[in-house]
Amino acid sequence: MNTKYIIHSSNRAFSSLDKVLSGKAYNDARYFILCDENTYNHCLPILISHTSRLQESEFLEVPVGEEAKTIDVAMQLWKTLLDSNADRKSVIINLGGGCISDLGGFVASAYKRGIRYINIPTSLIGMVDASIGGKTAVNIDNIKNQIGYIHQPSAVVINPDFLNTLSEKDVVSGYFEIVKTLLLCDKSAFQSLLENSDVSDDIQAIKKMIPLCVDFKKSVVDVDPTELSIRRILNLGHTFGHAIESFFIDNGDAISHGLAVGYGLLCELYLSVKKLGLSDSILKEYCGLLRRFSAFPRLSLRDTEQILKFMRSDKKNADGNILCVLLQDIGEPVIDIALDELEVRDALLAVSKL
Ligand code: GLY
């Protein structure tokens, strides 16, 4: 499947989508637009008014956030599609952030053995990461993304103007996925990010990074769509990040996925210095960047044991080893570095004092 990418910082993105939907491949297609309450109210009217082909669409609404990513919600959506006689030419349009594209992609992957879907991300994390690459999933028992498919979207349509009204929390969520991408591929762009004095206010600078992040992720996914090898570099920051996120959720003090990845990157850069000889100055610069948003909470030995417990159940592990991506330098990631538990404890305790 060749995904079509459309990026325009204006509603021209939707006129371009209209042209795509006028093509032969979409003859007789019916469209089901999946929204949450926020995107239903704020984004749907804009999309519909600029995309004539979607004016006859049917709408599917689900709760905001991770609450929607359950098999029960997926079941309700499948039933609605069946009741509406949706056939294999039907297309699900995912209008929302990563939770909507994960859920809608999952529903599309299984409905009648797979129908098409299009992602229209409305959050920064959606634009630079979640909407690209075909990972779809729901959660089980609050453990994220345990059941899912890799099923590529037919198109990804990005209008960065949707970000104009984002809160700082939403910006932070996508910001660290951008930082991750720059650490993986582009030293000069990483340096230019460091030079911005207050990135959380500088939405224009962030918007400019979107095409670079999309191109990089697309190039990786094209080579390894099913994550057998190189796609694993995209997990930089996520071995620690996911465990830290689960730890805070479990303690009733949830932090955003983005901030958890921010902390995860800190731990993994610390270990990159220790194990692969990454320059200490990159770690120091990164610490400065992270401090703009928040201080890393001090962790006790007991906290590190709980985080370790989550790391042991990470789906990226193999043969009982905790596996991680580390960096030799910016643009030089190394996958499948095995960590022993002493190294994990050391990183968690050390970075909480940085
Ligand atoms: N978010 C990492 C990936 O899509 O592979």
(request) Calculate the length of the line joining the C-alpha centroid of segment 115-172 to that of segment 52-78, in whole Å. (result) 14 Å
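So what is the 222 nm mean residue ellipticity for the chain from helices alone, if each DSSP H run of at least 4 adds -39500 (n - 2.57) and you divide by all residues, rounding to the nearest 500 deg cm²/dmol?
It lands at -14500 deg cm²/dmol.
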(request) With both partners inside the chain, how many of the DSSP beta bridges are antiparallel, as a percent to the nearest 5? (result) 35 percent
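Given an 8 Å cut-off on Cα distances and at least 6 residues of separation, report the relative contact order of the chain as a percent.
14 percent
Between GLU341 and TYR26, what is 0.36 nm times their sequence separation minus the Cα-Cα distance? Round to one decimal in nm.
Taking GLU341 through TYR26 to full extension adds about 108.2 nm, to one decimal.
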(request) Please work out the Kirkwood hydrodynamic radius for segment 33-104, using every pair of different C-alpha atoms, and report it in angstroms with one decimal place. (result) 12.6 Å
(request) Return one number: the angle in degrees, 0 to 90 and rounded to the nearest 10, between the long axis of the Cα atoms of helix 257-276 and the longest principal axis of the Cα atoms of the chain. (result) 40 degrees
(request) Using the structure shown, list the pairs from LYS112/LYS208; LYS187/LYS274; LYS217/LYS315; LYS275/LYS316; LYS208/LYS275 with a Cα-Cα distance above 27 Å, or answer none. (result) LYS112/LYS208; LYS208/LYS275
(request) Please work out the Kirkwood hydrodynamic radius for segment 192-333, using every pair of different C-alpha atoms, and report it in angstroms with one decimal place. (result) 16.5 Å
(message) Take GLU37 and TRP78, extend 7 Å from each Cα along the Cα→Cβ direction, and tell me the distance between the two endpoints in nm.
(response) 2.8 nm
(message) Between helix 238-250 and the chain, what is the angle of the helix's C-alpha long axis to the longest principal axis, kept within 0 to 90° and rounded to the nearest 10?
(response) 80 degrees
(request) Go through 75-88, 95-108, 229-242 and give me the packing order, highest mean Cβ count within 10 Å leading. (result) 95-108, 229-242, 75-88
(message) For LYS309, give me every one of the lysines with a C-alpha distance below 17 angstrom, ignoring sequence neighbours fewer than eight places off in its own chain.
(response) LYS144
(message) If you restrict to DSSP beta bridges whose two residues both lie in segment 41-169, what percentage is antiparallel, to the nearest 5?
(response) 40 percent
(message) Only four residue types carry charge here, +1 at the Cβ of Lys and Arg and -1 at the Cβ of Asp and Glu. Report the dipole size of segment 167-282 about the Cα centre in Debye, rounded to the nearest 20.
(response) 420 debye
(request) Tell me which residues come under 5 Å, amide H to amide H, from TYR5 once H is placed; ignore anything under 5 positions away on its chain. (result) VAL156
(message) I want to check the label-to-label distance for LEU276 and THR165. Put each point 7 Å from Cα in the C-beta direction and report it in nm to one decimal.
(response) 4.1 nm
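Every number in this text was worked out from the coordinates using simple rules, so none of it is lab data. Everything numeric here is computed off the predicted structure, so don't read it as measured data. Virtual Cβ from ideal backbone geometry, glycine too; neighbours counted across all protein chains shown.
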